[in-house]
Amino acid sequence: MTLRRLAVLCLALLALAACDGPAGAGTANPAASPRPLPTLMPTPTAAPAAAPAAPADTGWLAAAPGVELRRLPAPGPDGPVGVSVVRLDPASVRLRVGYDPDAPRALSAWADEAGAVAAINGGFFDERGRTVSLLVSAGRAFGESYVGRGGQIGVAPDGALRLRALADEPFDPAEPLAEALQGWPMLVKPGGVAAYTYEDGERARRSAVALDRDGRLLLIAVPAPALTLRELSEWLAAADLGVHAAVNLDGGASTGLLLRSDAAPERIESFAPLPIVLLALPR
């Protein structure tokens, strides 16, 4: 329609509105009962969709003696993404590495069988469920250690925890270990420095294990496929979690984090059955 024809149409409509009152109104005052004019563009009747709310920081929630849960936001490509962190005091829990390549199962099943208060998925495994790095379960070693890369969370026979970068401190087969789990890459070097600088642009569900500056264990899960490894590395080093060192675990479909508590529960199930898990049992 040309501008001239559009103008003529509008004038005709205005004239119609001025002359014609509402049906059955007789001599009613048009100002008191105005007749609405048709519009050229319809007015939206629905309110615009609200932007998704940013995940709130819950602060540390007491779940059990020596066990806490915190949910907090991390920067993502489309806005903040939720991160769940379980913080464990080694004086209140003991760690166990679960390994069963012949019968992988859900994280909740692992936790139920062991009576664990908390659990997270373990390291990487092959198509047969066999570990691709070293792990130690109940004093028995499986697989071969990463060399020059990755990290290891280890439990000494006396229960002491240690998380180290294997490039700086290689695994020694003679060292006594009650439990141990390896992952790749190191996300935070001992001392709290971001360790992974390569950006591959791959966003996935993530999981990690860390020690804070007070020696407490942190089990970390990002259930949304939102962060790259570099982004997770930089965020962990900068966040107010007090991270001393952190290593990446097998994320993606394996990502899972469970906290069994009436006061502050958490349940992030993996999308696939797990042959390797890290379990925290009450002392």
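Some notes on this structure:
- When LEU161, LEU181 are screened for being in contact with a Leu (Cβ under 6 Å, 6 or more places away or on another chain), within 19 Å of VAL97 (Cα to Cα) and of a type outside the set (Gly, Ala, Ser), only LEU181 passes.
- Exclusive hit being under 21 Å from ALA180 (Cβ atoms), in a helix (DSSP H, G or I) and at pLDDT 95 or above, set ALA91, ALA111: ALA111
- Flag if PRO52 is within 16 Å of the chain's Cα centre (by Cα) and either at pLDDT below 95 or not basic (Lys, Arg) (or both): no
- Complete set of residues in the stretch 266-283 that are part of a loop (DSSP other than H, G, I, E, B) and touching a strand residue (DSSP E or B) at 6+ places or on another chain (Cβ under 6 Å): SER270, PRO273, PRO275, ARG283
- Residues in the stretch 161-207 that are within 18 Å of ALA245 (Cα to Cα), of a type outside the set (Ser, Thr, Tyr) and under 19 Å from the mean Cα position of the chain (by Cα): GLY183, TRP184, PRO185, MET186, LEU187, VAL188, ALA194, ARG206.
- Filtering the stretch 128-172 to residues that are of a type in the set (Val, Ile, Thr), touching a residue at least 12 places away in the same chain (Cβ under 8 Å) and within 23 Å of ALA195 (Cα to Cα) leaves VAL147, ILE153, VAL155.
- Boolean, ASP240 is part of a loop (DSSP other than H, G, I, E, B), of a type in the set (Asp, Glu) and closer than 21 Å to GLY98 by Cα: no
- Qualifying residue in the stretch 164-179 (condition: charged (D, E, K, R), buried (at least 21 other Cβ atoms within 10 Å of the Cβ) and closer than 27 Å to SER270 by Cβ): yes
- For the stretch 114-127, a tally of residues being under 21 Å from ALA178 (Cβ atoms) and either free of Cβ contacts under 8 Å to residues at least 24 places away in the same chain or assigned to a helix (DSSP H, G or I) (or both) returns 1.
- Residue match in the stretch 263-273 (condition: within 21 Å of ARG162 (Cα to Cα), within 13 Å of the chain's Cα centre (by Cα) and not acidic (Asp, Glu)): no
- Cβ-Cβ contacts under 7 Å between residues 6 or more apart (or on different chains), taken from a first residue in the stretch 191-210 that is in contact (Cβ under 8 Å) with a residue 24 or more places away in the chain and of a type in the set (Ser, Thr, Tyr) to a second residue that is surrounded by 11 or more Cβ atoms within 10 Å (Cβ to Cβ) and in a strand (DSSP E or B), are listed as TYR196/MET186; TYR196/LEU187; SER207/ILE120; SER207/ASN121; SER207/ILE220; SER207/ALA221; SER207/LEU257.
The values are calculated or read from the model by the stated rules, or taken from the named source; none is laboratory data. Note that the structure is predicted; figures quoted are calculated from it, not measured. Virtual Cβ from ideal backbone geometry, glycine too; neighbours counted across all protein chains shown.
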